[in-house]
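Peer 1: Got a structure here, written out as structure tokens. Questions coming.
The values are calculated or read from the model by the stated rules, or taken from the named source; none is laboratory data. This structure is a prediction, so every number in the text was calculated from the model and none was measured. Cβ: placed from backbone, ideal geometry, glycine included. Neighbour counts: every protein chain shown.
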Amino acid sequence: MSNQELTTATPAPPRSHANLRRYGLPLLALAAVAAVLIALIPPEKTLGPIIRPVFLHGALVQAGLLAFAAGGILGLAYFLRKSPTVLRWCQAVQETAVGIWVVYALSSMVTTRLAWGEWIAWDEPRVRASIHVLWFSIACLLLVKWMNHPVFTAFANIVIAGTVWFLIKGAGLLRHPFDPIGGSNSLYYQVLYILLLVAVLAFTAVAARWRYQSLKQ
């Protein structure tokens, strides 16, 4: 045997830990950016400081709708090119969209309580539509997990996207304003909302990428 000292290579950190650093830190940074933007929102004349959760509520619903739409597009893409990569993205985006919608639903309850004095405004069509989206998307996700079939996963993404957009965009409005931020005369409010929406969309994209990487392992 050689007299040279035997050296052992330093083991590489587990991939899960590497992904935690790679994606977890950006998610925390984006959450911090969103929190700062929300803190910069000045109280509004009618709603007062309640305008802050209203901004978050609006950004989350838009991010959720776009995530569901992206999942539907990926579902269509899978039928055109049955690729494992596309399938993983289908799963990752679908799960991320459902997660974002759960957060949106919880934030919606808080916003409704602060603005209208009740946790769930059952008389508001948009609220009922959001609840239908919540249970329907979760049920479809569980069914996808149970079926564990690529074609069904892609088909479910398409169905969920179409249903979500139909329910939300087709819901009437009673007390809920049509576009309170976009219709505001304050450029400052509009700029802050756009920045907040970008931060939430970036958070959604990073979360979907993280989930995609975990599905590859």
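Peer 1: Do we have V102 as closer than 15 Å to G64 by Cβ, of a type in the set (A, V, I, L, M, F, W, C) and within 22 Å of the chain's Cα centre (by Cα) here? Can you show your working first?
Peer 2: Numbers: closer than 15 Å to G64 by Cβ: yes; of a type in the set (A, V, I, L, M, F, W, C): yes; within 22 Å of the chain's Cα centre (by Cα): yes.
Here the answer is yes, as V102 does meet what is asked.
Peer 1: When region 182-195 is examined, which residues are found to be over 15 Å from L37 (Cα atoms) and at pLDDT 65 or above?
Peer 2: N185, S186
Peer 1: Oh, and also: Being farther than 27 Å from A105 by Cβ, at pLDDT below 90, within 29 Å of the chain's Cα centre (by Cα) and not in a helix (DSSP H, G or I), is that true of even one residue in region 12-19?
Peer 2: Scanning region 12-19 turns up at least one residue that is farther than 27 Å from A105 by Cβ, at pLDDT below 90, within 29 Å of the chain's Cα centre (by Cα) and not in a helix (DSSP H, G or I).
Peer 1: Which is assigned to a helix (DSSP H, G or I) and at pLDDT below 95, of I168, I158?
Peer 2: From the options I168, I158, the qualifying one is I168.
Peer 1: Among the residues that make up region 38-56, is at least one of them over 30 Å from L187 (Cα atoms) and at pLDDT below 95?
Peer 2: Checking region 38-56: not a single residue is over 30 Å from L187 (Cα atoms) and at pLDDT below 95.
Peer 1: Select from region 82-127 the residues that are among the charged types (D, E, K, R) and closer than 19 Å to A154 by Cα and write down the one among them that is surrounded by the most Cβ atoms within 10 Å (Cβ to Cβ).
Peer 2: Among those that are among the charged types (D, E, K, R) and closer than 19 Å to A154 by Cα, it is E95.
Peer 1: Name, by its number, the condition in (1) free of Cβ contacts under 8 Å to residues at least 12 places away in the same chain; (2) within 16 Å of L167 (Cβ to Cβ); (3) of a type in the set (D, E) that does not hold for E124.
Peer 2: All conditions pass for E124, except number (1).
Peer 1: Criterion first (touching a helix residue (DSSP H, G or I) at 6+ places or on another chain (Cβ under 7 Å), surrounded by fewer than 18 Cβ atoms within 10 Å (Cβ to Cβ) and farther than 21 Å from I138 by Cα) does F55 satisfy it?
Peer 2: no
Peer 1: Take the conditions in contact (Cβ under 8 Å) with a residue 12 or more places away in the chain, surrounded by 18 or more Cβ atoms within 10 Å (Cβ to Cβ) and in contact with a Ser or Thr (Cβ under 6 Å, 6 or more places away or on another chain) and apply them to I41. Does it pass?
Peer 2: Against the criterion (in contact (Cβ under 8 Å) with a residue 12 or more places away in the chain, surrounded by 18 or more Cβ atoms within 10 Å (Cβ to Cβ) and in contact with a Ser or Thr (Cβ under 6 Å, 6 or more places away or on another chain)), I41 does not qualify.
Peer 1: Continuing with the same structure: How about region 30-149: which helices (runs of 4 or more DSSP H) wholly inside it have at least 2 residues that are among the polar types (S, T, N, Q) and closer than 22 Å to A202 by Cα? Talk me through it step by step, then tell me what you get.
Peer 2: Working: elements: 51-80, 84-116, 125-147.
It comes to 84-116.
Peer 1: Quick one: would you say S130 is surrounded by 20 or more Cβ atoms within 10 Å (Cβ to Cβ), of a type outside the set (F, W, Y) and closer than 24 Å to L47 by Cβ?
Peer 2: Criteria met by S130.
Peer 1: Within region 55-76, is even one residue more than 19 Å from the chain's Cα centre (by Cα) and not β-branched (V, I, T)?
Peer 2: yes
Peer 1: Moving on to the next point. Looking at region 61-79, I want the residues that are aliphatic (A, V, I, L, M) and have a partner that is not in a helix (DSSP H, G or I) with Cβ atoms under 9 Å, at least 6 apart or on another chain. Which pairs are those?
Peer 2: Filtered contacts from region 61-79: A77/S83.
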